[in-house]
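Participant: Encoded as structure tokens, here's the structure I'll be asking about.
Values in this text are rule-based calculations from the coordinates and carry no lab data. Everything numeric here is computed off the predicted structure, so don't read it as measured data. Because the Cβ atoms are built from the backbone with ideal geometry, glycine has one as well, and the counts that use them run over all protein chains shown.
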Amino acid sequence: MPTAARMQVVAECREALARSSAVFMVEYRGMTVKKMTAIRVLVRRAGGEMKVAKNTLFSIAMQEEGLTPPENIMTGANAYTLVYGDVAAVAKTLRDFSKEKGNEALIIKGGLLGNKLLSANDVFALADLPSREVLLAQVLGTMMGPVRGLVTVLSGTVRGLVTCLDQIREQKEKQAA
């Protein structure tokens, strides 16, 4: 029979998983408390949360939430990064922190995006994506291109008429003078 404390950990992990859109697994063995605190702050600013839990308890929470735990990744000392906001921003934060000198102990192992299993390379590919705002701006720019072209074509006819009328006015003024 599991203890009440373990059931509480599973319940907390389930609640966090229910709110999250993705989970990244990172190994933190060999990191100092100061560095671990620093990465937690950075992840929180990016819209995520880092939890440290036993792999078996987190695996139970994942199964209870209908997710398939990646057994090949869930070994060793893992921290689970739950994403509540922009997935690319949190992935970028983890990648950038792990690449800084002195932070090599943070190893990105992979994760889950919805029900899709991600490898470490997939997480790095997510980190290379532009932010949500930039992607929305690019889509809006693409949608506005044809409209902008139509406005330019339509205004060209009116502009030509105005130019022609202005030249006629200038000719009439020269003839009158």
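Participant: Taking a spot 7 Å from the Cα of A125 along the direction of its beta carbon, which residues of region 69-89 have an amide N less than 18 Å from it?
Facilitator: 87-89
Participant: Turning to a different aspect of this structure: For region 76-128, what value does the Rg/Rh ratio take when both radii are computed over Cα atoms and Rh is the Kirkwood radius, given to two decimals?
Facilitator: On the way: Rg = 10.8 Å, Rh = 11.5 Å.
Rounded to two decimals, Rg/Rh equals 0.94.
Participant: Sticking with this one: For the chain, what is the number of Lys pairs with C-alpha distance below 24 angstrom, counting only pairs 8 or more positions apart or on separate chains?
Facilitator: 24
Participant: Work the Kirkwood hydrodynamic radius out for region 46-167: mean of 1/r over every pair of different alpha-carbon atoms, inverted, in Å. Working shown, then result.
Facilitator: Working: mean 1/r = 0.0554 Å⁻¹.
Here the Kirkwood hydrodynamic radius works out to 18.1 Å.
Participant: Take every Cα-Cα distance within region 1-62, group them into 10 Å bins from 0 onward, and report for each bin the whole-number percent of pairs it holds.
Facilitator: Bins of 10 Å from zero give 19, 47, 32, 3 percent of pairs.
Participant: Taking region 90-174, which GluC sites (Glu not before Pro) meet the DSSP loop condition and have no more than 16 other C-beta atoms within 10 Å? It would help to have the intermediate numbers written out before the result.
Facilitator: Details: sites: E100, E104, E133, E170, E173; in loops: E100, E104.
Passing both the DSSP loop test and the Cβ count: E100, E104.
Participant: Next question. Rank by packing, highest mean first: peptides 122-128, 144-150, with packing defined as the count of other Cβ atoms within 10 Å averaged across residues. Could the numbers behind the result be given before it?
Facilitator: Working: 122-128: 17.4, 144-150: 9.9.
Packing proxy ranking, top to bottom: 122-128, 144-150.
Participant: In cubic angstrom, how much convex hull volume per residue do the alpha carbon atoms of region 98-177 span? Walk me through the intermediate numbers first.
Facilitator: Details: hull volume 12.8 nm³, N = 80.
Each residue corresponds to 160 Å³ of Cα convex hull volume.
Participant: Once you have the Kirkwood Rh of region 7-116 from its Cα pairs, apply Stokes-Einstein at 10 °C and 1.306 mPa s and quote D in µm²/s.
Facilitator: Details: Rh = 13.8 Å.
After rounding, the answer is 115 µm²/s.
Participant: Now a separate question. Per 10 Å bin, what is the whole-percent P(r) computed from every C-alpha pair distance within region 55-96?
Facilitator: Per 10 Å bin, starting at 0, the Cα pair percentages come out as 25, 43, 32, 0.
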